[in-house]
Amino acid sequence: PLSNLDAKLRAQMRYEIRRIHDRLEATTVYVTHDQVEAMTMADKIVVMRGGEIMQKGSPDDVYDRPANLFVADFIGSPAINLLAGESTADGVRFGKAVLPLPGRIEPGRSVVYGIRPVDIGIGEPGAAGSVAASVLLSETTGSETVVHVALEESEVRIVIPERRRFERNAPVGLTIDRAKALVFDPGTEARIEPEAGAAA
């Protein structure tokens, strides 16, 4: 409904619609393709694809625990990083890198590893527990910096809550918040729930 408005007016209208809704205390069904509108305005979100419900829940549930790859990729801006790899006893192998998980899954399984840009830290190369990468591009938005890095043969996006400059092709070390990592079955696209306990 707000797609034809400029960014500033769109944000103002989201606020006004939510304020009216709270004042009236009426149940409201709001249909949108804009995931930012859904996340900022809703008490409960229903994500649909092709007329089928993919997931329903609070904005936090849908963001933190997406039911499948479609929901994970649709919710969040910038979009989640999705990397195809193979599960190991230590996490998920992606080329030469091993990416951490919040728990264990069956080793030797083909999976899609998901990590949101805000859940990756960036620091000096070679730091303990970091994954080697190199900078492709960095963009400052004023209050934060979006960094695009090459990890093996893929591009990964990182959002850091500060203004920093990075040289192109500079080596960096990525630290991943293992508690926020997600893993999906590439066939069914469903999220896989790791077993309790950190990966070895």
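The values are calculated or read from the model by the stated rules, or taken from the named source; none is laboratory data. In this text the structure is predicted, and so the values were computed from the model without any measurement. Every residue, glycine as well, gets a Cβ built from its backbone with ideal geometry; the counts of neighbours run over all protein chains shown. The accessibility values were calculated without ligands, DNA or RNA, using every heavy atom of the protein model including side chains. Shrake-Rupley method; radii C 1.70, N 1.55, O 1.52, S 1.80 Å.
Figures for the structure shown
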item	result
Dipole of the chain [Lys/Arg +1, Asp/Glu -1 at C-beta], most positive-end residue of Ala72, Gly51, Ser134	Ser134
Cross-link partners of Lys8 among aspartates and glutamates (Cα-Cα below 19 Å; sequence separation of 8 or more within a chain)	Glu16, Asp34, Glu37, Glu144
5 angstrom amide H check on Ile176, placed H, neighbours 5+ away	Gly121
Using alpha-carbon coordinates, inclination of helix 7-24 to the longest axis of the chain, degrees	60 degrees
Accessible surface of the chain, 1.4 Å probe, proportion on carbon and sulfur as whole %	50 percent
Sequence of Ile120, Ile20 from largest to smallest accessible area, 1.4 Å probe	Ile20, Ile120
Phi-based couplings in Hz for the range 116-132 (Karplus 6.51, -1.76, 1.60; Gly and Pro marked x)	6, x, 6, 9, 10, x, 10, x, 6, x, x, 5, 4, x, 8, 10, 6
Cross-link partners of Lys96 among lysines (Cα-Cα below 25 Å; sequence separation of 8 or more within a chain)	Lys180
Contact order normalised by residue count of the chain, Cα under 8 Å, 6+ apart, percent	19 percent
The range 62-177 - accessible surface per residue (Å², probe 1.4 Å)	48 Å²
Net charge over other residues, Cβ less than 13 angstrom from the Cβ of Ser3 (K, R count +1; D, E count -1)	-1
³J(HN,Hα), Karplus 6.51/-1.76/1.60, whole Hz, each residue of the range 182-194, x for Gly, Pro	10, 9, 10, 7, x, x, 7, 6, 6, 6, 9, 8, x
Computed over the chain, Kirkwood Rh from alpha-carbon pairs, angstrom	18.5 Å
Calculated on alpha-carbon atoms, Rg and Dmax of the range 49-132 in Å	14.6, 48
R0 of 35 Å, Cβ-Cβ distance Ser134-Thr28: FRET efficiency to nearest 0.05	0.15
Helix-derived mean residue ellipticity, 222 nm - over the chain, DSSP H n ≥ 4, -39500 (n - 2.57), to 500	-5500 deg cm²/dmol
Anchor Lys44: lysines whose Cα lies under 18 Å away (excluding residues fewer than 8 positions away in-chain)	Lys56
